[in-house]
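Here is the structure we will look at, set down as structure tokens.
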Amino acid sequence: MSAKQLTLPLDQEQINGLRAGDRVELTGWMYTARDAAHKRMAESLQVGEELPVELVGQTIYYVGPTPAKPGQVIGSAGPTTSSRMDPYTPALLALGLKGMIGKGSRSETVKQAIVQSQAVYFAAIGGAGALIAKTIRAAEMVAYHDLGTEAIYRLEVERFPVIVINDIAGGDLYQQSQSL
């Protein structure tokens, strides 16, 4: 089965056509954010401040890229464990976030929020950070510069490989594979 080719930012028609287990290649622009950036965004929302990036239709990759070597756009860029972002995810989905990329399963609360918000959770392959970095064409730090590798970056990607884990219909590839 060949991978579905999707263009970022995601639109609802693209998301509606995805099901748990689909192989996908993403091309376009996405943001990065890990634990510290998510915590800071949540704190901003709690005091009524605007977020430093617009999330409507966007995808966040849970990664803290390593510094780029000379001649490279970015260093290793492997996914981090998604469950660490679970406390913050429903609020970001409510603001229009449509895609998330990481590794590992999500909480029931997040899976329900994915269905309610008509979003999607993708997994990237852990341990393949150097290979994933080859799909990144541009990287720019856009917010929370003091967080270093945990700052929010804007990445341009081309054929970035992921697998749909949680879809809008409540599908969960991890649960499905356990029942086989």
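The values are calculated or read from the model by the stated rules, or taken from the named source; none is laboratory data. Worth saying up front: this structure is predicted, and the values here are computed from it rather than measured. Please note: Cβ atoms are built from the backbone with ideal geometry, for glycine as well, and neighbour counts cover all protein chains shown.
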Query raised in the report: How many residues does region 158-172 contain that are under 16 Å from Ala77 (Cβ atoms) and surrounded by fewer than 16 Cβ atoms within 10 Å (Cβ to Cβ)?
Result: 2
Requested in this report: Read through the list (1) closer than 21 Å to His38 by Cβ; (2) surrounded by 14 or more Cβ atoms within 10 Å (Cβ to Cβ); (3) free of Cβ contacts under 8 Å to residues at least 24 places away in the same chain, then give the number of the only condition that Gln175 fails.
Outcome: (1)
Query raised in the report: So is Val142 under 22 Å from Phe160 (Cα atoms), assigned to a loop (DSSP other than H, G, I, E, B) and out of contact with any helix residue (DSSP H, G or I) (no Cβ under 6 Å at 6 or more places or on another chain) or not?
Result: no
**Report entry** Some residue of region 149-157 being in a helix (DSSP H, G or I), under 15 Å from the mean Cα position of the chain (by Cα) and surrounded by 17 or more Cβ atoms within 10 Å (Cβ to Cβ)
**Finding:** yes
Query raised in the report: Name the residues in region 16-61 that are more than 21 Å from Gly171 (Cβ to Cβ), hydrophobic (A, V, I, L, M, F, W, C) and either part of a strand (DSSP E or B) or in contact (Cβ under 8 Å) with a residue 24 or more places away in the chain (or both), would you?
Result: Trp29, Met30, Ala33, Ala36, Ala37, Met41, Ala42, Leu45, Leu51, Val53, Leu55, Val56
Query raised in the report: Among the residues of region 11-45, which ones are over 15 Å from Arg154 (Cα atoms), out of contact with any Asp or Glu (no Cβ under 6 Å at 6 or more places or on another chain) and of a type in the set (A, V, I, L, M, F, W, C)?
Result: Ile15, Val24, Met41, Ala42, Leu45
Query raised in the report: Do the conditions hold for Thr80, that is, is it at pLDDT below 95 and within 15 Å of the chain's Cα centre (by Cα)?
Result: yes
Report task. Check whether at least one residue in region 105-117 is more than 18 Å from Arg34 (Cα to Cα) and part of a loop (DSSP other than H, G, I, E, B), and report yes or no. Result -> no
